[in-house]
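Student: Below you will find the structure I want to go over with you.
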Amino acid sequence: MNIVNQRKTNNIRRQKEKKQIMAMTKSIIDTTVAGKENSDEQTLLAKLFKSLFNVPPIIANNVSVIDIINTTQELVIKKGMIDPESQKSLISFYETADLETIREEEVIRKMLELIYEVRNIRHQKIKSLLQSQRSSTFLKLLQVTAMRIPVWFPKHDEQPPPLCGAIEPLPSYVAKSGDLVAALVKQSGEERWIVAEAVAFKNGKYEVEDIDVKETNRNFTLEKIYVKPLPLMRADPVTCPDAFFPCNQFVLAMYPQTTCFFKALVKASPKTSYDGYEVLFEDDFNQYTIMMVVSQRFVVSFPSLEILHKDDEMVVEY
């Protein structure tokens, strides 16, 4: 029964991965403009298109093996016992099905890697567009980037890695140049948590740049404790339910239509990898706003009390 249950779990996971591939592939194909994609992207799309033809035969073969297993098990149940020959056959079929499942998973994961590479190329294009777009378009593009980070899928009983959903980074982790972070800065005479881009990490301090081009003071040097790397992968509630902030926990969440983070109370975690958190933002009078939805990408743990406020000396514009 353990094998059967494991098989069911694997089937559910594979079905979710297949749906993820089809959805992302459709999104990529729908947004492709002929003649405007660079050669790297064209090459990756060609590989992805070719890989799609490898999936149906593998699935058909898997279905055939599973049908044989089910038929053999039904015969055993009717007999009320399992003879050595049937036992040997079932073991052989299970081993074959296991190998085919591994093969199918490898193909799907390679396709996901291709999709993520294409998305990364397009993400770089979006980053350049962010510098020149007006506010409404800028914020829409920022939300697009939240859906372009990959969904993490476990292998067997693998646990979600750091920066997957709500999983914290390791203490030694340093955000790479170009990564988005939440940064506590002082602008216009007040402290605020903003969406910034990591520029460099030198002498134990981050150099970050506010992604909002409308701000006059955009560049800061900050102590590491005032910078929180944003998630690099989305979590799926089916495969890693522990990678989410629980209900009634305070977090830092980006307020819709802004690039600033504020204290918020989680009221509902994402139901799928595409959904966001349902949160209530806390105002200056300890009251709450109406329910709002914020994507996984822009929700991080609430900072400890000692770093909620900082001295003027702790931040230096460069």
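The values are calculated or read from the model by the stated rules, or taken from the named source; none is laboratory data. All values reported here derive from a predicted model rather than from experimental measurement. Neighbour counts run over all protein chains shown; Cβ positions are idealised from the backbone, glycine included. We work out accessible area using only protein heavy atoms, side chains counted, and drop any ligands, DNA or RNA first. Shrake-Rupley method; radii C 1.70, N 1.55, O 1.52, S 1.80 Å.
Student: With the Cα gyration tensor of the range 167-306 giving a ≥ b ≥ c as the square roots of its eigenvalues, does the rule (a/c under 1.5 for rounded; else a/b larger than b/c for prolate; else oblate) give rounded, prolate or oblate? Walk me through the intermediate numbers first.
Tutor: Working: a/c = 1.88, a/b = 1.31, b/c = 1.44.
Oblate.
Student: If packing is taken as the mean number of other Cβ atoms within 10 Å per residue, what is the order of 257-267, 182-192, highest first?
Tutor: Taking the mean over residues of other Cβ atoms within 10 Å, the ranking is 257-267, 182-192.
Student: How big is D for the range 132-209, in µm² s⁻¹ as a whole number, if Stokes-Einstein is applied with the Kirkwood radius of its Cα pairs at 10 °C and 1.306 mPa s?
Tutor: In µm²/s, the coefficient rounds to 105.
Student: How much length is gained on full extension from Gln42 to Ser177, taking 0.36 nm per residue of separation minus their Cα-Cα distance? All intermediate terms of the calculation are to be shown ahead of the outcome.
Tutor: On the way: separation 135, 0.36 × 135 = 48.60 nm, distance 2.62 nm.
Contour length minus Cα-Cα distance gives 46.0 nm.
Student: Too long at a 29 Å Cα-Cα cut-off: which of Lys176/Lys214; Lys110/Lys267; Lys228/Lys267; Lys205/Lys263; Lys155/Lys176; Lys140/Lys176?
Tutor: Lys110/Lys267
Student: Report, to the nearest whole %, how much of the accessible area of the range 193-239 belongs to carbon and sulfur atoms, 1.4 Å probe, protein only.
Tutor: For the range 193-239, the apolar C and S fraction of the accessible surface comes to 47 percent.
Student: What are the semi-axes of the equivalent ellipsoid of the range 76-222, taken as the square roots of 5 times the eigenvalues of the Cα gyration tensor, listed largest first and rounded to whole Å?
Tutor: In descending order the semi-axes read 50, 18, 13 Å.
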